[in-house]
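Written below as structure tokens is the structure these notes are about.
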2 protein chains.
Amino acid sequence: MKYPNKILLEEDEIPTQWYNIAADLSVPMPPPLHPGTREPATGEDFAPLFPKALIEQEMTTERFVDIPGEVLDVYKLWRPTPLFRARRLEKLLDTPAKIFYKYEGVSPAGSHKPNTAVPQVYYNAMEGVKKLTTETGAGQWGSSLAFACAQFGLECEVWQVAASYRAKPYRKTMMEIWGGKVHPSPSKVTEYGRGLLQQDEDHPGSLGIAISEAVSEAVSDDNTRYALGSVLNHVLMHQTIIGEEALLQMAKIGETPDILVGCTGGGSNFGGLAFPFMREKFKGKMYPTVRCVEPSACPTLTKGEYRYDFGDTAGMTPLMKMHTLGHNFIPEPIHAGGLRYHGMAPLVSHIYELGLVEAISIAQKECFAAGVMFAKTEGIVPAPEPTHAIAAAIREALNCKETGEEKTILTALCGHGHLDMSSYEKYLLGEMQDLDLDQNAIQEALEGVPVI
Amino acid sequence: MKYPNKILLEEDEIPTQWYNIAADLSVPMPPPLHPGTREPATGEDFAPLFPKALIEQEMTTERFVDIPGEVLDVYKLWRPTPLFRARRLEKLLDTPAKIFYKYEGVSPAGSHKPNTAVPQVYYNAMEGVKKLTTETGAGQWGSSLAFACAQFGLECEVWQVAASYRAKPYRKTMMEIWGGKVHPSPSKVTEYGRGLLQQDEDHPGSLGIAISEAVSEAVSDDNTRYALGSVLNHVLMHQTIIGEEALLQMAKIGETPDILVGCTGGGSNFGGLAFPFMREKFKGKMYPTVRCVEPSACPTLTKGEYRYDFGDTAGMTPLMKMHTLGHNFIPEPIHAGGLRYHGMAPLVSHIYELGLVEAISIAQKECFAAGVMFAKTEGIVPAPEPTHAIAAAIREALNCKETGEEKTILTALCGHGHLDMSSYEKYLLGEMQDLDLDQNAIQEALEGVPVI
């Protein structure tokens, strides 16, 4: 069948429901626990942080959840996103495999993150919330939330990991263009931040610390709530719009994937692409291998422990059962900032434990080499995060070259790298190193995790 | 008629011919002159710079020129580009006007420039050229040429205006990812550059100087040619793919523009959008007002003189009849780097003299304010260059609000601003100034222009 490089959908073909994979799992997920009592957390426990509608979505057992019309209206600024056949990359690799990528970099913020930022802001606005706080690492999530807040007239306050705040001033400006207010984290704004700055005034920060700051600010004000860009069930559910569209697009050209690869940081990009295809696999409609790809310097699935841990460094969030390197673990400063989180989404961790998905880790130099090869053939300069998935796709395509198999490989190119050029510069200058994971550091951080 | 926000075309709807407006003008264009003899330049005069196919296109009187299949194949990495109805911007402005924008920022380099970079590299490759040299200001053109060279296996050497090289390191890295070699201009690589650095080792450079360097390198090697990103007839013709697509898209939804606004630096973005619509106007099929928008700090059409001048500062290029501020004019360091050229495309200058288009100038603070308003409503952060067109579109839409007219406004959003965040930062901090044009500087620069 002859089909174009870009498989498009019209606006009226945008799926109108998100998919909740939890409804299709034979074993229920372990519940989150209250950080004080360590009893299963109730909806009320989350109320200072999130609006009711999102707490309901977090706990829902419904298989599908309707996407509100106002959310679809904003989605239509950039959705549906294109699905590409990477013919030029295939040709360079001289592989019999077919490589497809779903490209989320066409969103205003340049990644998949607005898929959840928009509904999160919408539900907060509906419940009268005036301001949202959040953390951001590489800046993709913070800018997505700032963009979404501009659409519904909410204030947005972002704690950006200090090392990233200093290294990526462009991301800060992007947030400010959309009206966001940005602090480096640790900041002088919160007590927790002030304490850390007293110990080290040049503290580089971490995602866990920034979460603690954003959460503490949210709970201190009745009109303010907090928003998280990954990890939680409702976030992963919002991202399934990616996979739902990709299913329609693959169906249009009569292709089904033999293997799905997605990069995993908090898990939302991976879940967003993979879950709808896994539903079809549950139904026996297709049989793709589903593979998580994480950085070897922050390998939560492949080297972390599956146990209850806090989502943040200060221990303010509910405890979640997930693959974790310990909430005190400070990952090496690799360039894929979005993949530097100590934990993995409880939902992704759960399905990994159930044996429904595989996981591998790849070191960053191989990833950047894959990113450059991709840019030279397909044009788009990928963000450092999805270069992990591209590297895995290339490994698979080269395997096919050896075996002669004509596998259909599908991945998500979750963002462009326009604001990550300094990382590419380091790579091109030969100054990038593959950071060895310090097993002692993991062990030490895991000692600080409560035994439950 | 109800239609979506994004009007899309399928890949097989990409126009297969470029449009040459020169064929439809009642008065022929004044010819370029040899810089030495000052006689009309022949094809041979251009041979050290350009391949035969492009020289033919530069001089052709054919109305349409076929787009080669290999060029269409590369175009399909990102074309057709979407046409958007800016409904959220219209709502904020509370205007009865309809605002449409054709978005070229989806290309790998993030602007319209690859539309001509790809065919230019293709024709060079067909004639056995091994390396291309060029200049770049803001970096959009240099990165586009580097991307295109990667597609056809040519080397690419770029002289980037030194001030921009230092202020925009991300653009340099982008060029390097695609395999380009980048020098700050003035550079130590050429004799002309070395001379300027002797006078001032921190010389900020200019487009005219960078052109001189790139040209001198090209003519010194038999296997090397030069590529220009705007100004010339064949460049503007390649860009008509924008307007041809937009014509199809407007027809799909039954709309015709009452007014077209386009930002003009060298003229290629403007010509690319406007010329196909002007053809339809010549045929009596529609009657849009067509308006050029230039920065008030570099107002070649509205304040320059229409006369023969060099395209570069050293006086190495043929003389072209165009609106010019003088080839020695150094424009104020405004943030729309792509609009800082001393001349205007001879073809745009000619049709302006014929009274077929209007021109206005707008100062940069109004443009950045328009850019921020656009980002907050439509999502996309525009490059500084098209904020001039957006500002003009907003003026027009606000006029419609006063008069009650339901005009249809069409513009080209020729690129995103992801690599221009430092300019937005200055604007948001209130540190940006509207630079008064120094009339004496123009007068002085014009004194250096040969009298012909």
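The values are calculated or read from the model by the stated rules, or taken from the named source; none is laboratory data. Quick caveat, the model's predicted, so the values are computed rather than measured. All Cβ positions, glycine included, derive from the backbone under ideal geometry; neighbour counts span all protein chains shown. Ligands, DNA and RNA are excluded from the accessible area calculation, which covers all protein heavy atoms including side chains. Shrake-Rupley method; radii C 1.70, N 1.55, O 1.52, S 1.80 Å.
Miscellaneous remarks
- Inside the stretch A:361-404, residues that are assigned to a loop (DSSP other than H, G, I, E, B) and either surrounded by 24 or more Cβ atoms within 10 Å (Cβ to Cβ) or within 14 Å of another protein chain (Cβ to nearest Cβ) (or both) make up a count of 4.
- So residue A:280, is it under 23 Å from residue A:3 (Cβ atoms) and without any contact (Cβ under 8 Å) to a residue 40 or more places away in the chain: yes
- Exclusive hit being within 20 Å of residue B:32 (Cβ to Cβ), touching an Asp or Glu at 6+ places or on another chain (Cβ under 8 Å) and aliphatic (A, V, I, L, M), set B:236, B:232, B:247: B:232
- Verdict on residue A:106 being within 14 Å of chain B (Cβ to nearest Cβ), assigned to a loop (DSSP other than H, G, I, E, B) and modelled with pLDDT of 95 or more: yes
- Take the conditions (1) within 16 Å of the chain's Cα centre (by Cα); (2) within 30 Å of residue A:370 (Cα to Cα); (3) not aromatic (Phe, Trp, Tyr); residue A:91 misses just one of them, which is (1).
- Restricting attention to the stretch B:160-169 and to residues that are in contact (Cβ under 8 Å) with a residue 60 or more places away in the chain and part of a helix (DSSP H, G or I), the residue that is surrounded by the most Cβ atoms within 10 Å (Cβ to Cβ) turns out to be B:164.
- Within this structure, residue B:123 fails the test of being open to solvent by 10 Å² or more (accessible area, probe 1.4 Å), within 14 Å of chain A (Cβ to nearest Cβ) and of a type in the set (Phe, Trp, Tyr).
- If the condition is being of a type in the set (Gly, Ala, Ser), surrounded by fewer than 19 Cβ atoms within 10 Å (Cβ to Cβ) and away from chain B (no Cβ under 14 Å), then the stretch A:173-201 contributes only A:195.
- Only a single item in (1) assigned to a helix (DSSP H, G or I); (2) free of Cβ contacts under 8 Å to residues at least 60 places away in the same chain is not met by residue A:22, and it is number (2).
- Single residue of the stretch B:405-441 satisfying the filter (under 26 Å from residue B:167 (Cα atoms) and touching a Phe, Trp or Tyr at 6+ places or on another chain (Cβ under 6 Å)) that is most open to solvent (accessible area, probe 1.4 Å): B:427
- Candidates are the residues of the stretch A:42-89 that are among the acidic types (Asp, Glu) and touching a His at 6+ places or on another chain (Cβ under 6 Å); the one that is nearest to residue A:9 (Cα to Cα) is A:58.
- Some residue of the stretch A:151-159 being part of a helix (DSSP H, G or I), more than 14 Å from chain B (Cβ to nearest Cβ), open to solvent by less than 50 Å² (accessible area, probe 1.4 Å) and aromatic (Phe, Trp, Tyr): no
- Test: residue in the stretch A:81-103 that is surrounded by fewer than 22 Cβ atoms within 10 Å (Cβ to Cβ) and small (Gly, Ala, Ser): no
- The residues in the stretch A:405-449 that are within 14 Å of chain B (Cβ to nearest Cβ), charged (D, E, K, R) and not in a helix (DSSP H, G or I) can be counted, and the count is 2.
- If you filter the stretch A:25-71 down to residues that are of a type in the set (A, V, I, L, M) and more than 24 Å from residue A:133 (Cα to Cα), you find that the one that is surrounded by the most Cβ atoms within 10 Å (Cβ to Cβ) is A:65.
- Unique residue being polar (S, T, N, Q), in contact with a Ser or Thr (Cβ under 8 Å, 6 or more places away or on another chain), away from chain B (no Cβ under 13 Å) and not in a helix (DSSP H, G or I) when the list is A:95, A:116, A:133, A:81: A:133
- Put simply, of B:14, B:21 the only residue that is within 14 Å of chain A (Cβ to nearest Cβ) and surrounded by 15 or more Cβ atoms within 10 Å (Cβ to Cβ) is B:14.
- Strands (runs of 3 or more DSSP E) wholly inside the stretch B:170-268 that include at least 1 residues being of a type outside the set (A, V, I, L, M) and over 18 Å from the mean Cα position of the chain (by Cα): B:181-185, B:224-226
- Screening residue B:452 on (1) β-branched (Val, Ile, Thr); (2) closer than 30 Å to residue A:416 by Cβ; (3) away from every other protein chain (no Cβ under 14 Å) shows it passes everything except condition (2).
- Checked against the criteria, residue B:210 does not count as within 14 Å of chain A (Cβ to nearest Cβ) and of a type in the set (A, V, I, L, M).
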